[in-house]
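The values are calculated or read from the model by the stated rules, or taken from the named source; none is laboratory data. The model shown is predicted, which means the values in this text are computed figures rather than measured ones. Glycine also receives a Cβ, built like all others from the backbone with ideal geometry; neighbour counts cover every protein chain displayed.
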Amino acid sequence: MKSTQYIIILLTSILLLSLVCCKKQELSFDWENSEIFNINKEPAHSTAIPFASFEQAKEANWTKSPFYKLLNGSWKFNWVSKPSNRPKDFYKPEYDITSWNEIPVPGNWQMYGYGIPIYTNTDYPFVIVDPPNIPHENNPVGSYRKNFSIPDDWNKREVFIHFDGVKSAFYIWVNGKKVGYSQGSMTPAEFNLSPFLKKGENVLAIEVYRWSDGSYLEDQDMWRLSGIFRDVYLFSTPKVHIRDFFVKTDLDENYKNAQLTIDIELKNYSNKDFDNLSLEVVLLDNKGDKVFELIKKSKLVIA
């Protein structure tokens with residue numbers, strides 16, 4: 001009889017524990033889930049903005065490229081001290097933000113009167129240290145809105161948005177549709193906006209959390225500040241383009257000559273395969289004169 005009671009108690013305990021674990025899992029947020037640090041974000045790659053011509057590319061001035069658009073400037077902004085108070089539907093185009101203030105982007109919101117800047121060394125800025133959990137009563141949220149349009153000559157091309165730095169974690173919506181999520185304060189985040197765009201004016205919404213589980217990795221000597229603190233820009237690429245490249249120069253034993261090796265990744269965003277593309281590599285000297293040129297046929301680029 002006692003054996004049966006022990007089994008019943010054990011099974012009941014296991015069931016309760018499972019329910020508690022499931023409940024905790026249901027209530028966990030991306031910004032305190034150590035298994036999630038990005039959603040629908042583009043893989044990291046070398047920075048390269050497309051240009052319209054070879055001569056334009058030689059100048060290497062991003063701002064002159066017709067396929068680059070800076071979104072810095074005044075954005076609509078709302079700040080709350082904790083996630084439960086945030087305007088949950090602010091990303092919807094019809095949401096009224098006329099009463100919101102404006103804030104410069106890039107910029108840390110503490111520099112404009114929202115929240116308190118914190119300076120600390122190796123100590124965490126939380127009263128309760130419980131990684132990966134974040135105090136829900138002390139995790140300010142900044143909601144940003146910005147309208148933008150796409151140039152006509154970007155039609156039938158891919159359009160990406162690039163954030164050079166957002167601290168600490170953020171969600172992104174375009175025209176009321178969720179695009180993705182990112183955390184990693186000091187590293188860029190990039191998203192493909194092509195499926196979410198429309199002709200004319202588009203509505204961009206960004207929801208930034210001051211703290212995330214990544215904040216536990218930032219116990220360093222620095223000021224704890226928040227917001228979209230680096231450049232935000234759009235850029236456009238052809239459907240098939242150079243997505244990443246890696247240039248290596250292996251020097252000889254006398255450090256006078258080197259073998260130049262270039263690894264190039266082509267990306268196909270179209271709905272058809274390509275197997276007859278030409279890839280041209282040109283090496284210029286410090287005067288801008290051509291010293292080497294290679295044209296190579298690419299292998300099959302699958303959609």
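Give the number of residues within region 116-173 that are polar (S, T, N, Q), in a loop (DSSP other than H, G, I, E, B) and more than 27 Å from residue 67 (Cα to Cα).
The total comes to 5.
Could you check how many residues of region 98-115 are aromatic (Phe, Trp, Tyr), touching a residue at least 40 places away in the same chain (Cβ under 8 Å) and not in a loop (DSSP other than H, G, I, E, B)?
Number of matching residues: 1.
Give all pairs with beta carbons closer than 6 Å in which a residue from region 46-62 that is within 16 Å of residue 284 (Cα to Cα) meets a residue that is part of a loop (DSSP other than H, G, I, E, B); count only pairs at least 6 apart in sequence or on separate chains.
Final answer for the pair search is 57/51; 58/288.
For region 84-97, state whether one or more residues are more than 23 Å from the chain's Cα centre (by Cα), surrounded by fewer than 16 Cβ atoms within 10 Å (Cβ to Cβ) and not in a loop (DSSP other than H, G, I, E, B).
Yes; the residues of region 84-97 include at least one that is more than 23 Å from the chain's Cα centre (by Cα), surrounded by fewer than 16 Cβ atoms within 10 Å (Cβ to Cβ) and not in a loop (DSSP other than H, G, I, E, B).
Which of the numbered conditions does residue 35 fail, given that it passes all the others? Conditions: (1) part of a loop (DSSP other than H, G, I, E, B); (2) under 26 Å from residue 195 (Cβ atoms); (3) touching a residue at least 12 places away in the same chain (Cβ under 8 Å).
All conditions are met except number (3).
Before we move on, is residue 122 at negative phi and free of Cβ contacts under 8 Å to residues at least 60 places away in the same chain?
No; evaluated as a whole, the condition is false for this residue.
Please state which one of 221, 213, 231 is more than 30 Å from residue 151 (Cα to Cα), in contact with an Asp or Glu (Cβ under 7 Å, 6 or more places away or on another chain), in the same structural domain as residue 136 (by TED's automatic domain parsing) and not basic (Lys, Arg).
Only one candidate qualifies: 213.
Residue by residue, here is whether (1) charged (D, E, K, R); (2) within 21 Å of the chain's Cα centre (by Cα); (3) in a loop (DSSP other than H, G, I, E, B) holds:
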residue: 202; (1), (2), (3): no, yes, no
residue: 211; (1), (2), (3): no, yes, yes
residue: 220; (1), (2), (3): no, no, yes
residue: 223; (1), (2), (3): no, no, no
residue: 244; (1), (2), (3): yes, yes, no
residue: 254; (1), (2), (3): no, no, yes
residue: 262; (1), (2), (3): no, no, no
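Being within 21 Å of residue 43 (Cα to Cα), in contact with a helix residue (DSSP H, G or I) (Cβ under 8 Å, 6 or more places away or on another chain) and in a strand (DSSP E or B), is that true of even one residue in region 181-196?
Within region 181-196 (the criterion being within 21 Å of residue 43 (Cα to Cα), in contact with a helix residue (DSSP H, G or I) (Cβ under 8 Å, 6 or more places away or on another chain) and in a strand (DSSP E or B)), the answer is yes, since at least one residue qualifies.
Which residues, taken from region 264-301, are under 29 Å from the mean Cα position of the chain (by Cα) and exposed (fewer than 10 other Cβ atoms within 10 Å of the Cβ)?
The answer is 271, and nothing else.
With the condition kept exactly as written, say whether any residue in region 226-249 is of a type outside the set (A, V, I, L, M, F, W, C), over 25 Å from residue 194 (Cα atoms) and exposed (fewer than 12 other Cβ atoms within 10 Å of the Cβ).
yes
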